[in-house]
Amino acid sequence: MQSIRSLIRDVADFPKPGIVFRDVTPLLADAGGFARCIDALAEPWQGSGVQAVCGIESRGFIFGAALAQKLHAGFVPLRKPGKLPPPLVSVDYQLEYGSDRLQARSDALRPGERTLIVDDVLATGGTLEAARTLVERLGGELVGASVLIELAGLGGRARWQSPARLHALLSY
Ligand code: AMP
């Protein structure tokens, strides 16, 4: 796991003062590192019958689409507002300042479809919790959630209102 960690770049004070941005682009650019990362993200879910992977815009698309291929599952993008045509299902959620919204096509999941949510970073947990609510409203059966990085000090895991497993590959 050290080799994956060493390919993530810490950028201080981005996008605002006091935030350490975890830049995954060096990892994505490293063929071996990216492949090992997807193998390691997939490992806990092998044999759990995942049928759909829901990736959160936008870095969740990159990891989620690769993970869907690895797990022989379909991929569903959970998008920010204004990107998808109707009919849509939406969930609003609070950010540190202001609010945001995640949307998916209203028929994006089949009833009871076994679904895994994927994002790059778990910070305060609001985004992942909104994705969980969206999967529920779409009628999917939540298998769990997978993130590359958990920022453990921000308490996001405590906001995960589900008995389904929340797996993080790396903890900072
Ligand atoms: P949160 O809702 O607070 O858990 O924030 C998670 C979302 O914000 C994820 O989609 C991340 O891509 C992004 N994010 C939050 N904090 C960081 C960070 N320090 N570095 C990179 N991305 C972050």
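The values are calculated or read from the model by the stated rules, or taken from the named source; none is laboratory data. Note that the structure is predicted; figures quoted are calculated from it, not measured. A quick note on method: Cβ atoms are made from the backbone with ideal geometry, for glycine too, and the neighbour counts reach across all protein chains shown. The accessibility values were calculated without ligands, DNA or RNA, using every heavy atom of the protein model including side chains. Shrake-Rupley method; radii C 1.70, N 1.55, O 1.52, S 1.80 Å.
Structural remarks
Let's see how each residue does on (1) over 16 Å from the mean Cα position of the chain (by Cα); (2) farther than 22 Å from R114 by Cα:
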| residue | (1), (2) |
| --- | --- |
| L28 | no, yes |
| G32 | yes, yes |
| A35 | yes, yes |
| W45 | no, no |
| S48 | yes, no |
| A52 | no, no |
| I56 | no, no |
| A66 | no, no |
| L71 | no, no |
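- Residues in region 72-107 that are away from the ligand (no atom under 11 Å from the Cβ) and open to solvent by less than 20 Å² (accessible area, probe 1.4 Å): A73, V76, V91, Q103, A104.
- For region 34-61, the set of residues classified as out of contact with any Lys or Arg (no Cβ under 6 Å at 6 or more places or on another chain) and surrounded by fewer than 18 Cβ atoms within 10 Å (Cβ to Cβ) consists of A35, R36, D39, A40, E43, P44, Q46, G47, S48, S58, listed by residue number.
- Strands (runs of 3 or more DSSP E) enclosed by region 30-105 - at least 2 residues per element that are under 12 Å from S146 (Cα atoms) and touching a residue at least 60 places away in the same chain (Cβ under 8 Å): 52-56
- Qualifying residue in region 6-15 (condition: free of Cβ contacts under 8 Å to residues at least 40 places away in the same chain, of a type in the set (A, V, I, L, M), away from the ligand (no atom under 16 Å from the Cβ) and buried (at least 16 other Cβ atoms within 10 Å of the Cβ)): no
- Residue in region 109-116 that is within 12 Å of the ligand (Cβ to nearest atom) and under 19 Å from the mean Cα position of the chain (by Cα) present: no
- Residues of region 118-158 that turn out to be surrounded by fewer than 22 Cβ atoms within 10 Å (Cβ to Cβ), among the β-branched types (V, I, T), more than 8 Å from the ligand (Cβ to nearest atom) and not in a helix (DSSP H, G or I), as a count: 0
- Selection status of L170, touching a residue at least 40 places away in the same chain (Cβ under 8 Å), away from the ligand (no atom under 13 Å from the Cβ) and open to solvent by less than 20 Å² (accessible area, probe 1.4 Å): no
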